Amino acid sequence: MSDPKTPIYLDYGATTPMDERVWQVMQPFFSQDFGNPSSVHAFGQRAEAGLEAARRDMAAQLNAEPGELIFTSGGTESDNLALRGAAFAARAARGANHILVSNVEHAAVARNAVQLADSHGFELELIPADQQGQVQPEEVAARLREDTAVVSVVMANNEVGTINPITEIAALCRARYIPLHTDAVQAGAYLPINVQSLGVDLLSLGAHKFYGPKGIGALYVSEGIKLLPTQAGGSHEEGLRAGTPNVPYIVGMAQAFSLVQGETEARATTLRSLRDQVINGVLKSVPDAQLTGHPEQRLPNHASFLFQGVDGNALLMLLDGAGFACSSGSACKTGDPEPSEILTAMGFTREWALGSLRVTVGIHTQPDEIEAFLTALPALVEKSRALETA
Amino acid sequence: MSTKVVVAMSGGVDSSVAAALLQRQGYEVIGMMMRLWSEPGRESHNRCCTPESMGIARQVAGQLGIPFYAVNAQESFRSTVVEYFLEGYASGVTPNPCLACNRHIRWEFLLERALAQGAEFMATGHYVRLQREPGQPERLFEAVDQAKDQSYVLSVLRPDQLRHALFPLGDLTKPEVRAIAAELNLPAATSKESQDLCFLGGEDYRAFLQRNAPQLGAPGPIQNRAGEVLGEHSGLIHYTIGQRKGLGIAAPEPFYVLEKDQAQNALIVGNQDELGDRELSAGQMNWTQGAAPSEPFAADVKIRYKATKAPAQISPLEGDRVHIRFDDPQRGFTPGQAAVIYREGEVLGGGLIEAAPPKAARSQVQLAEALA
């Protein structure tokens, strides 16, 4: 058992500690080069230089043009701008009214799509994922229509880690001239993100998932894709996102992204072995447990399970008490858990779906920390099972 | 390693100070707060666990530097406390859900989770005292602050629950607790204290019953003991024992509600003389020391949360029941509420007041039971 006073962090899918090198490049832009990048004077020029350098760096990493990168307040805002922006623009341009979204999207996409249907009259159609949470291209192909405004399929699922065949799906959409959005928030730190080889039109990123600061994100908008801005105001960010850009955070995000993207392969190898240590260890030592998501095509840092007869939140409390920080598909700090919509969409029953555990490793994770976790877990699962039957 | 204690927090000043005091005493404190059941759509009204109060509890935990967990107790609360509440009204009694909550939710459901978390004790901000001596079962006493005493609702605790209980506020007065909170700069909910049932969210219980058990609101006759019909009532749930106002009967002397005859759906009323009574029987007795006394004994009995204790003679009966005979006639015995037995400030036990058998037959029945 680890010492609860220095708990072990196994929740990199929730957020990541910021890289010290990121903090270094952010610092000058708070009090020294603090100008408004829109200003004409020297102060504004220095801020603008930092902002545009960040845009060029990040665009280069993505294999995009600088003008195709819109800075936002994070992954959720990027998803909002992409989905709503594309839906409303397609309706205005060609009367398109059909939205196609997978049934394993993060709430930032899923709830958006539901609101577009309920409050704005769009016709929402869900693309069913398979039992491993994967969206098959033929399921997309079968649903594409002339009047489809936008398609959204997550690149890698946050709860079960499954990676989707985005390249194939993008080719189908592009052949029909229908914009495809992908939420790459979970994928950003661990998969190479090259918008040209992916062939997507819209791609969301959030910096705090890749060792950058919270509250900053980006949306890649392929040249020629029309969006209606969700936030009206000044003509910042190609007129798509009004509001003074958060220069220090944008500079930090670009630095963080360049650090992770430069090392994805090396990192993935290390992380994959830690992840497999978790998966094999848990399945071996905990009875009535199953892996969720795809066994191979999953994020290299992501392990997720269901335990029969367990309340996921009760297990998280016990784990935290023993010094291990993990999360659950029904993660909810207000004590009001509902089984995850993603897990129920994948076909799991409520009883199983309530007992989910997500273990996401990261660059600071050590093999002996995984050993300690694997030693502690079986007894804690039994304890939480006993609570359910008490 | 220091002893772990889970504090059942509410965001209120009492449980926050309880947590701070235990930490000061050297315990390793963990905060837990239960998410209780609310009617769908009325979640933000639940007095015990509004998002605001949970935010405050979380802030207090952060200030003290202790872990804090929200625990989902909604299903347990609904299937025990809310069902008990509805069934109570359906059977014609006036249930006290706080008793059921303390017995089954706070001191069973939450205690199990506290113990699983490695705690030896669970503490609450209740005003009540516990005497703990090595090798002896714990003894439960009234609080020093008589105005705040909550021993009535904790009379349901069994020895196995008391063994794990800590009540750090029992020796303090409310002003002292407020002073400690101010001194430690602890935030506390601004909402004023309320005796309402948490899941009613400030609403009248009758509106809740009308939505959740509409069949209970059926009108019926108002009768006197002789069976004469004096008027019509608007549903038995709308009346409480001892109620005088709102009966709608014109008479020279005021009438009082004496009984609810569930079988006939009749409200039995009478004059003030008929209201007073010396005797009652209580069932589902809990004895804080475990075993029921074998001989009759003299004690003080409290028949409502805010009632004054009155001297009485207690005779244990078969089947977890007691017969209680007060030295002086008492008013307002309410079936479903607890009769709590005290001796020199100690809570000996408590049980639920039973519906009295029809008046004429009663003394023989009770005599027979007392002699059995």
Qualifying position, being under 18 Å from the mean Cα position of the chain (by Cα), modelled with pLDDT of 90 or more and assigned to a strand (DSSP E or B), among B:Ile324, B:Ile341:
B:Ile341
A:Gly85 vs. criteria more than 22 Å from A:Lys214 (Cα to Cα) and either in a helix (DSSP H, G or I) or touching a residue at least 24 places away in the same chain (Cβ under 8 Å) (or both):
yes
For segment B:60-70, what are the residues that are surrounded by fewer than 20 Cβ atoms within 10 Å (Cβ to Cβ) and within 10 Å of chain A (Cβ to nearest Cβ)?
B:Pro67
Out of segment A:36-72, which residues are surrounded by fewer than 19 Cβ atoms within 10 Å (Cβ to Cβ) and not in a helix (DSSP H, G or I)?
A:Asn36, A:Ser38, A:Ser39, A:Val40, A:His41, A:Asn63, A:Glu65
Is at least one residue of segment B:167-185 more than 19 Å from B:Val5 (Cβ to Cβ) and buried (at least 20 other Cβ atoms within 10 Å of the Cβ)?
no
Filtering segment B:22-47 for residues that are buried (at least 20 other Cβ atoms within 10 Å of the Cβ) and either modelled with pLDDT of 95 or more or within 14 Å of chain A (Cβ to nearest Cβ) (or both) leaves a count of 13
Here the residues within segment A:363-380 that are more than 12 Å from chain B (Cβ to nearest Cβ) and either farther than 21 Å from A:Gly281 by Cα or surrounded by 21 or more Cβ atoms within 10 Å (Cβ to Cβ) (or both) are A:Thr365, A:Ile370, A:Phe373, A:Leu377
Go through segment A:151-189 and count every residue that is touching a Lys or Arg at 6+ places or on another chain (Cβ under 7 Å) and either part of a loop (DSSP other than H, G, I, E, B) or not polar (S, T, N, Q) (or both).
7
Checking B:Ala119 against (1) part of a helix (DSSP H, G or I); (2) at pLDDT 95 or above; (3) over 17 Å from B:Gly290 (Cα atoms), the condition it does not meet:
(1)
One residue from A:Asn63, A:Asn36 being modelled with pLDDT of 95 or more and on the phi < 0 side of the Ramachandran plot
A:Asn36
Answer with yes or no whether A:Gln134 is surrounded by fewer than 24 Cβ atoms within 10 Å (Cβ to Cβ), more than 27 Å from A:Thr292 (Cβ to Cβ) and among the polar types (S, T, N, Q).
no
Residue satisfying all of: in segment B:356-367; surrounded by fewer than 16 Cβ atoms within 10 Å (Cβ to Cβ) and either modelled with pLDDT of 95 or more or not in a helix (DSSP H, G or I) (or both); nearest to the chain's Cα centre (by Cα) among these:
B:Pro357
Given the condition modelled with pLDDT under 95 and β-branched (Val, Ile, Thr), answer yes or no: does some residue in segment A:215-230 qualify?
yes
Within segment B:55-115, helices (runs of 4 or more DSSP H) holding 3 or more residues that are within 16 Å of B:Leu352 (Cβ to Cβ):
B:83-90, B:97-100
When every residue in segment A:344-362 that is of a type in the set (A, V, I, L, M) and under 18 Å from A:Tyr12 (Cα atoms) is compared, the one farthest from the other protein chains (Cβ to nearest Cβ) is A:Val361
So in segment B:112-152, with the set limited to residues that are among the aliphatic types (A, V, I, L, M) and surrounded by fewer than 22 Cβ atoms within 10 Å (Cβ to Cβ), which one is farthest from B:Lys4 (Cα to Cα)?
B:Ala147
May I ask you to list pairs of residues, at least six apart or on different chains, whose Cβ atoms are under 6 Å apart, with the first in segment A:172-197 being in the same structural domain as A:Gly85 (by TED's automatic domain parsing) and the second being at pLDDT 95 or above and aromatic (Phe, Trp, Tyr)?
A:Gly188/A:Phe210; A:Ala189/A:Phe210; A:Val195/A:Tyr220
Identify the residue in segment B:82-116 that is among the aliphatic types (A, V, I, L, M) and closer than 16 Å to B:Gln284 by Cα and, among all such residues, is nearest to the other protein chains (Cβ to nearest Cβ).
B:Ala100
Condition test on A:Leu144, is it farther than 23 Å from A:Val114 by Cβ and assigned to a loop (DSSP other than H, G, I, E, B)?
no
Of the residues in segment A:304-323 that are within 20 Å of A:Val160 (Cβ to Cβ), surrounded by 23 or more Cβ atoms within 10 Å (Cβ to Cβ) and in contact (Cβ under 8 Å) with a residue 60 or more places away in the chain, the one that is farthest from the other protein chains (Cβ to nearest Cβ) is A:Ser304
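The values are calculated or read from the model by the stated rules, or taken from the named source; none is laboratory data. Keep in mind the model is a prediction, meaning the values are calculated, not measured. Using ideal geometry, Cβ is built from the backbone for each residue, glycine included, and neighbour counts are taken over all protein chains shown.
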